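The values are calculated or read from the model by the stated rules, or taken from the named source; none is laboratory data. Since we're looking at a predicted model, the values are computed, not measured. Note: ideal-geometry Cβ built from the backbone for every residue, glycine included; neighbour counts use all protein chains shown.
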Amino acid sequence: MLVSHTIEIPTDAHSAPGSALWRDAVVYQVYLRSYRDSDGDGIGDLGGLREGLEAIAALGCDAIWLNPCYASPQRDHGYDIADYLSIDPAYGTMADFDAVVKRAHDLGLRVLMDMVANHCSVDHAWFRAAVAAGRGSTERARFLFREGRGVDGELPPNNWDSVFGGLAWTRVVEPDGSPGQWYLHSFDSSQPDFDWRHPDVAEHFARVLRFWFDRGVDGFRIDVAHGHYKAADLADHPGGRGPEAGHNHAMWDQPEVHDIYRSWREIGREYEPEKYFVGEIWVPSPDRLADYLRPDELHNAFSFDLLVQPWEAARFRRAIDTGLTVGRGWPAWTLANHDVHRAVTRYGQEQPSDEALPTDMIAAARRTGPANLERGRRRARAATALALALPGSMYLYQGEELGLPEVFDLPDAARQDPIWTRSNGAELGRDGCRIPLPWTTDGDTFGFGATGSRHAWLPQPAWFGAYARETQAADPGSMLSLYRDLLAARRAHLGGAAALRWLPTARDSLLAFERGAFLCATNFSGEPLAVLPQWHNLTVLVSTQPLVDPAVIPPESTVWFVDERLAAS
């Protein structure tokens, strides 16, 4: 039997992570390349986003998080930035960007951009100058260039692996044509890491932040926020190489990284209201994550534990408790993003339920086994309702509100993720969760682009039209309608700082908590479960599956209740 206890939520201005505008916001993640195409070239753009902002506002969201739209050669689709102060022509112009920010603000949506400061593109002016300048130059000091090992420097400086597979080092040719130094890239070879120990780097990014803040941007999601600094000696990873090597402590989560966020927080405080920072942080223990959320550092960080849990009540509860504790009561939750497989597919797959948290959480969210999509949809609906009932902000990845499954069967020639190429096809990568969205049931691109547009940059499967936004908008039982109902009920009943109190239940597979007059119950089992007698007088707000009897929670579903008497008092 699950027992009751209360998790208090800080309410004072000092302890709450950031402005109240953000601590319980619902943020819609826009993968711009795949959202909507306004000019017919097959690539989503700022014009398409501007046209689609009303759909995001109508969903009930408070903000958007815009994946990188800076000038980039697009080898990693924007996470390889060539110029931090301009818009990539494939996405539009600076005027288009300004129009998006204005329209978003007019609709009551705040705007987050993506900040990629661990690395840039090999096309960045600084890196081109570094290669041209040669050994010992100031230009090279902005990056992590090192001499190779071996008789002629033919071996990399250490044994570090890239996150995308293969070595984390690439050798350059010196200006005189001879084999030269090696540069570090934590990801693709087209993404050289900055050396944050050089003062030029910190000064550059301070300018970048102010540039976008002055254009009306409300905050930043920080990519790989646990990176940036590497151990000064760049020592070999004692775990060796390969997927079993374990966490490389010299490569990630160095103590100096916290100085960056203290300085950025000070910049954000120059504005009214204060600008907001949320970090993408993958660290091996919750206490390490808590360090990033000290009062003078980041406002918030994603609590990824919930995303990677198998469909088990106890595992969900443990992840929620951890997230609330580490996030000081207001964490950033998400069940999907542009780096992991879609929730409907993940919850439809067989998932291991061992006790340990996966050491590679991203890999744990990119399994490729068969999926029962009917079961996956039930569980995704229930998990979304549970997550939206929690204290904290919620990040919704585009297409999740349509219930899109992962697309596994892309032709090899169509795949574009560098993970696919660097792993020689051993890893499918992330293309399958980035397929351009279906807006209509038919047409060359299912409404992603206008009639007669080029085919989308990633091929949409023929069955995508069945998930079209236009059809789901008119269907009260659709995934889209469920999201709208949940967000409306959340706004009406879950505003403010209500503590989460876990409720005792008769079955371990039934997870229930209350927040003031609101109660959320999730049935993780495959059979109907009766609610406790004291819940019989509660009013049902939303159920993720049809209710035959309000006293019985259907299998694999979540029900939201409200005590009208308490709500009125």
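Just wondering, is there one or more residues in the stretch 81-98 that are within 19 Å of the chain's Cα centre (by Cα), in contact (Cβ under 8 Å) with a residue 12 or more places away in the chain and not in a loop (DSSP other than H, G, I, E, B)? No, that holds for no residue. Inspection of the stretch 502-524 finds a residue satisfying the criterion of being at pLDDT below 95 and either among the hydroxyl-bearing types (S, T, Y) or in contact with a His (Cβ under 6 Å, 6 or more places away or on another chain) (or both).
Put simply, of A506, A521, A498, A512 the only residue that is among the small types (G, A, S) and under 26 Å from A57 (Cα atoms) is A498.
Among the residues of the stretch 433-450, is there at least one that is of a type outside the set (D, E), under 23 Å from P243 (Cα atoms) and part of a loop (DSSP other than H, G, I, E, B)? Reasoning before the result, please.
Step one: list which residues in the stretch 433-450 are of a type outside the set (D, E), which gives 433-441, 443, 445-450.
Adding the requirement that they be under 23 Å from P243 (Cα atoms) leaves 433.
Among the residues that remain, those that are also part of a loop (DSSP other than H, G, I, E, B) are: none.
Among the residues of the stretch 433-450, not one is of a type outside the set (D, E), under 23 Å from P243 (Cα atoms) and part of a loop (DSSP other than H, G, I, E, B), which makes the answer no.
Inside the stretch 285-309, residues that are surrounded by fewer than 17 Cβ atoms within 10 Å (Cβ to Cβ) and either in contact with a Phe, Trp or Tyr (Cβ under 6 Å, 6 or more places away or on another chain) or assigned to a loop (DSSP other than H, G, I, E, B) (or both) make up a count of 4.
Of all residues in the stretch 16-68, those satisfying the criterion of being without any contact (Cβ under 8 Å) to a residue 60 or more places away in the chain, out of contact with any Phe, Trp or Tyr (no Cβ under 7 Å at 6 or more places or on another chain) and assigned to a helix (DSSP H, G or I) are A20, G47, R50, E51, L53, E54, A57. The residues of the stretch 148-162 that are out of contact with any strand residue (DSSP E or B) (no Cβ under 6 Å at 6 or more places or on another chain) and assigned to a loop (DSSP other than H, G, I, E, B), listed by number, are G150, V151, D152, G153, E154, N158, N159, W160, S162. For the stretch 553-569, filtering for residues that are at pLDDT below 95 and assigned to a loop (DSSP other than H, G, I, E, B) leaves 2.
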